[in-house]
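Working notes, structure below.
Values quoted throughout were computed directly from the atomic coordinates according to the rules given, and no laboratory measurement underlies them. Everything numeric in this text was worked out from a predicted model, so none of it was measured. Cβ coordinates were reconstructed from backbone atoms using ideal geometry, including for glycine residues, and neighbour counts include every protein chain displayed.
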Amino acid sequence: MPIHFSKDRMAEVRDNYRRFWNGELDRPIVALTLHGAHPSEGKSRAPWLGQGNCADFRWSPEELIETMDEGLSTLEFAGDAYPHVDLGAFGPGVAAAFCGAKLDNSSGRVWFSPQKEREIGEIHAVYDPHNVWAERIKAIYRAGMERWDGLVVMGMPDLGGVMDVAASLCGTENLLTDLYDEPEEVLRLIREIETAWYAAYEDFSKILHPEGGDMGWTDWSGILSPDPAYIVQCDFCYMIGNEMFNRFVLPTVRRDTERLTNVIYHLDGIGQLTHLDSVLSLEKLKAVQWVYGEGKPGPMHWLDVYRKIRAAGKRLWLVGEIKDFFDVSEAIGADGVYFSCGLNYGNDDLKQKLLRQR
């Protein structure tokens, strides 16, 4: 089935995101995906790739791409939306698996754990490009590149935050203890994980960004960048205070902003608000995604957080429903905001209302 998009349209969308990142776009980015716009042929055999079946190797990469292609072909991409594939199916923090951690998806969700418990001084992180999970992802990338010839942007897998990967290699409780008992060993392991993380990033980039290509870069966020980019995070830092965050986490994020052109910080949960000022102190950080969490008040409750992010000169990924986007935009303005949503095809009034925000 054809994907209802064109390379000329992709070039326009890439330029919109380029201007967004450069502060040249005087409107928000609104990525609107319309579901059910076109019928599905229903010919694909493989299931949609997800955490629950990522370890099922019965399906070839080509069969998995066929299923993705069929799904993308039912969509219409409006505003700043574009066809892309999220390879987060192998779990958040999959860089740990590339370095030897155990990947377990028996629960339907992917979790990582040490192959065996060891003292932190015995734990080393080295990216293995021939690791079964790295090879599987690269095979899927190759099949997608051949199938789509630049019409679909495939995202980086969810490599994970450096400290989250460390927790997978050490065990979370062990790592918390090591912060007090073995801080120098933790710092040593952090640098090893950073090296492994970028080795994976560059290994995948060789496939996704062949010489002379201008596909653009994305990840599980779906936010497109014309230059190397990533959404970085540290779920582990929910369990530590700001002093430890500044010592063990902030330097890794700073190095990310110095190495990658467009970096977003994924600030997940109210326990991370204590680190917001530290995050915003990073001069080269471009954007923040604030996720308030289930059961918490909606976006209008967090206007002060959004204003602080904007006052620091950072772009804002707004998470919420369509009404939240309108309400927050009216309260604080919409320039420098990224908003992504899906609608059922045929909801033309709401579609046009959203696109008028652009």
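Given a 10 angstrom Cα cut-off, can you work out which residue in Ile332, Ile223, Ile140 is the most mobile in a GNM of the chain? Maximum among the listed residues: Ile332. Result for the chain in a Gaussian network model with C-alpha springs under 10 Å: among Leu176, Leu318, Leu103, the largest mean-square fluctuation is at Leu176.
Kirkwood analysis of the Cα pair distances in the chain returns a hydrodynamic radius of 21.3 Å. Distance between the C-alpha centers of the range 1-64 and the range 205-278? Whole Å please. With the range 1-64 and the range 205-278 each reduced to a Cα centre, they are spaced 22 Å. Principal axis analysis of the Cα atoms in the range 67-201 yields extents of 54, 29, 26 Å, listed in decreasing size. Between Glu119 and Lys43, the simple spin-label model (points 7 angstrom out along Cα→Cβ) gives 6.1 nm. For Arg58 and Ser281, FRET efficiency with R0 = 41 Å and r from the beta-carbon atoms, rounded to 0.05? Taking R0 as 41 Å, the efficiency between Ser281 and Arg58 is 0.25.
With a Förster radius of 51 Å applied to the beta-carbon distance between Ser106 and Arg255, the computed FRET efficiency rounds to 0.90.
Histogrammed with a bin width of 10 Å, the alpha carbon distances of the range 249-334 distribute as 17, 51, 26, 6 percent, first bin at zero. For a label point 7 Å from the Cα of Ala331 along Cα→C-beta, name the residues of the range 272-309 whose backbone N is under 12 Å from it. 297-308, by backbone N distance to the label point. Applying the Kirkwood pairwise sum to the alpha-carbon positions of the range 1-66 produces a hydrodynamic radius of 15.4 angstrom.
In units of the rule-of-thumb radius 2.2 N^0.38 Å, the range 118-185 shows an alpha carbon radius of gyration of 1.56. Protection proxy ranking for 291-302, 154-165, using the average of other Cβ atoms within 10 Å per residue and placing the highest first: 154-165, 291-302. When every Cα-Cα distance of the range 76-138 is counted in 10 angstrom steps from zero, the calculated P(r) takes the values 19, 41, 23, 13, 4, 1 percent. By the beta carbon rule, with partners counted only under 4.7 Å, the chain holds these lone Cys residues: Cys54, Cys99, Cys170, Cys341. Among the listed pairs Lys323/Lys353; Lys206/Lys284; Lys116/Lys138; Lys286/Lys308; Lys284/Lys308; Lys296/Lys323, a Cα-Cα separation exceeding 20 Å is found for Lys206/Lys284; Lys116/Lys138. In the range 204-358, one over the average inverse separation of all distinct C-alpha pairs is 16.9 Å, which is the Kirkwood hydrodynamic radius. Just for the chain, what percent of DSSP beta bridges are antiparallel, to the closest 5? Roughly 25 percent of the beta bridges in the chain run antiparallel, per DSSP.
Between Leu355 and Leu176, the distance separating the two model label sites (each 7 Å from Cα on the Cα→Cβ line) works out to 5.0 nm. For the peptides 50-59, 273-282, residues were scored by their other Cβ atoms within 10 Å and the scores averaged per peptide; the highest-first order is 273-282, 50-59.
A simple spin-label model places pseudo-atoms 7 Å from Cα toward Cβ; at Glu135 and Arg147 they are separated by 2.1 nm.
Mind checking the range 117-150 for chymotrypsin sites (Phe, Trp or Tyr not before Pro) that DSSP puts in a loop (not H, G, I, E or B) and that have at most 13 other Cβ atoms within 10 Å? Sparse-neighbourhood loop chymotrypsin sites (Phe, Trp or Tyr not before Pro): none present. Peptide packing: for 17-23, 28-34, 5-11, 82-88, the average count of neighbouring Cβ atoms within 10 Å per residue gives the ranking 28-34, 82-88, 17-23, 5-11, highest mean first. Treat the range 184-289 as a sphere of radius equal to its Kirkwood radius over Cα pairs and apply Stokes-Einstein at 4 °C in a medium of 1.567 mPa s; give the translational diffusion coefficient in µm²/s, rounded to a whole number. Translational diffusion coefficient: 88 µm²/s.
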